[in-house]
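The values are calculated or read from the model by the stated rules, or taken from the named source; none is laboratory data. Owing to the predicted nature of the structure, the values given are computational and were not obtained by experimental measurement. Virtual Cβ from ideal backbone geometry, glycine too; neighbours counted across all protein chains shown. Ligands, DNA and RNA are excluded from the accessible area calculation, which covers all protein heavy atoms including side chains. Shrake-Rupley method; radii C 1.70, N 1.55, O 1.52, S 1.80 Å.
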Amino acid sequence: MEFAGIKAIVTGGASGIGAATAALLQDRGADVAVLDLNPDQAPAGVKAVHCDVSDDASVRQAIDEAAQQLGGIDVVVNNAGVGAQGTIEANDDDEWHRVFDINVLGMVRVSRAALPYLRRSSHAAIVNTCSVAATAGLPQRALYSATKGAVLSLTLAMAADHLQEGIRVNCVNPGTADTPWISRLLATAPDPAAERAALEARQPHGRLVSPEEVAAAVVYLASPLSGSTTGVDLAVDGGMQALRLRPR
Ligand code: NAD
C-alpha cells in the first residue's frame, strides 16, 4: 500500500488507534496531519494541528490549516472519540449531547469541512472509526453504543451521497483495542492487572486487538487498493462479530 503523494488527516491522531494510523500512513509514504486536542503528543514527523471536533469553527480552521500545510487533502480518518459508561439512566441530557457532539457531529463537521478538498482529489477516501458497539448490544454502554450506531449509519449514507463524486466512505469496527483509553479504564479497577487478564480472556482470540491491527484496516480502506470498496464496515475484533459475542 503505497501512499506517495497522498495527503491524509487523522483526527484523534495523538493517541491509540489514531496515532498508530498516522504513523502507518506516514510509514507508507503519505503526508500526514494529525488534528487533535493534544497536537504536541502526535507521532514524530507528522504535522500536528490543534482541533476540537466538537467546535465547528475550530474544525474549519484546522482543516484549512492542514490542507495548506499538506497542499490538499485526499484522505480523512475520522477517529477522534470519547467513551461513556452505563445504562440510559447513567448520563443526563448534557452528557448525551456532549458525547454525540464529539463522536458523531465531530465526524460530520470534519467531513463537511474537508469535502471541498476531497472533491479535488483523484483518490478521495474517508474512513470512520466505528466500533463493535454499533451492533453488539453491549451492556452498560447505551450512550457510547448509540453514537457508534450513528457513525455506522452516517458511513452508509455518506458512501451513497458521495459515490458519484468518487469519494469513498467506509468504517472500521474495532473490538477492545489496547490503547491508552482502555488503560485509563482498567486503572479505575481495584486490581488493574487482574481486570486486564479477565478482559483478555473474554476476547475471542484471547487478547486485545492492537492499535496497529486497526490502523492496518484503516490504511487499507484509505488506499487506492480498496478503490472499489465503499459503504462497508470492516471488523477488527478477533472474531467477535462472527461469533456473535459481545465484550462485557
Ligand atoms: P484514545 O483515548 O487513546 O485516543 C483518542 C484521541 O482522540 C486522543 O488523542 C484525544 O486527544 C482525541 N480527542 C478526544 N476528544 C477530541 C476532540 N473533541 N477533538 C479532537 N480530538 C479529540 O482512544 P482510542 O482507544 O485510540 O480510540 C480512538 C477511536 O477508536 C474512538 O473513536 C473510539 O470510539 C474508537 N474505538 C476504540 C476502541 C478501544 O477499545 N480502544 C474500540 C472500538 C472503537
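Just a few scattered comments:
- Rounded, prolate or oblate (a/c below 1.5 giving rounded, otherwise prolate when a/b exceeds b/c) for region 24-76 by Cα gyration tensor: oblate
- Net charge of Cβ neighbours under 15 Å - reference Ala57; Lys, Arg +1; Asp, Glu -1: -3
- Three-way shape label, region 83-141, alpha-carbon gyration tensor, a/c 1.5: oblate
- Figure note: Phe3, Phe100 ranked by solvent-accessible area, largest first, 1.4 Å probe, ligands and nucleic acids not counted: Phe100, Phe3.
- Carbon/sulfur fraction of accessible area - region 4-137, other protein chains in place, 1.4 Å, %: 47 percent
- Span from the region 140-197 Cα centroid across to the region 12-30 one, whole angstrom: 17 Å
- The Rg/Rh ratio for region 164-214, using Cα coordinates for both the radius of gyration and the Kirkwood hydrodynamic radius, is 1.19.
- When the convex hull of its Cα atoms is projected in every direction, mean area for region 188-248 (nm²): 5.4 nm²
- Only helical runs count toward this figure. For the chain, summing -39,500 (n - 2.57) over DSSP H runs of n ≥ 4 and dividing by all residues gives -13000 deg cm²/dmol at 222 nm.
- Around the Cα centre of region 155-210, unit charges on the Cβ atoms of Lys, Arg, Asp and Glu (plus for the first two, minus for the last two) sum to a dipole of about 120 debye.
- Three-way shape label, region 108-202, alpha-carbon gyration tensor, a/c 1.5: prolate
- Relative contact order computed over the chain (Cα-Cα under 8 Å; 6+ residues apart), in percent: 20 percent
- For a modelled paramagnetic label at Ser122, 7 Å from Cα along Cα-to-Cβ, the residues of region 1-28 in reach, with backbone nitrogen under 15 Å, are 3-7.
- Stretching Thr188 away from Asp40 to a fully extended chain increases their span by 50.7 nm, per 0.36 nm per residue minus the current alpha-carbon distance.
- Equivalent ellipsoid, region 1-97 (semi-axes from 5 times Cα gyration tensor eigenvalues, Å): 28, 15, 10
- Of all DSSP beta bridges confined to the chain, the antiparallel ones make up roughly 0%.
- Average Cα contact separation per residue, region 22-83, under 8 Å, 6 or more apart, as relative contact order %: 25 percent
- Cβ crowding within 10 Å averaged over residues, with 77-86, 134-143, 150-159 ranked highest first: 77-86, 150-159, 134-143
- For region 38-96, a simple Cβ point-charge model (Lys and Arg +1, Asp and Glu -1, everything else neutral) yields a dipole of about 500 debye relative to the Cα centre.
- Taking amide H atoms as placed 1.01 Å from N in the peptide plane, the amide H of Gly86 lies under 5 Å from those of Arg141, Ala142, each 5 or more residues away in sequence or on another chain.
- Whole-Hz couplings from phi, Karplus 6.51/-1.76/1.60, listed for region 87-96; x for Gly and Pro: 7, 5, 7, 7, 10, 7, 4, 4, 5, 4
- Taking all protein chains into account, the per residue accessible area for the chain stands at 44 Å² (1.4 Å probe).
- Whole-number D in µm²/s for the chain (Stokes-Einstein; Kirkwood sum over Cα pairs; 20 °C, 1.002 mPa s): 119 µm²/s
- Cα long-axis angle, helix 142-162 against the chain (0 to 90 degrees, to the nearest 10): 30 degrees
- The mean sequence distance of close C-alpha pairs (under 8 Å, at least 6 residues apart), as a share of the length of region 54-161, puts its relative contact order at 36 percent.
- With a cut-off of 13 Å between beta carbons, the residues surrounding Leu70 carry a summed charge of -1, where Lys and Arg count +1 and Asp and Glu -1.
- FRET efficiency, Arg202 to Gln68 (Cβ-Cβ, R0 35 Å, nearest 0.05): 0.15
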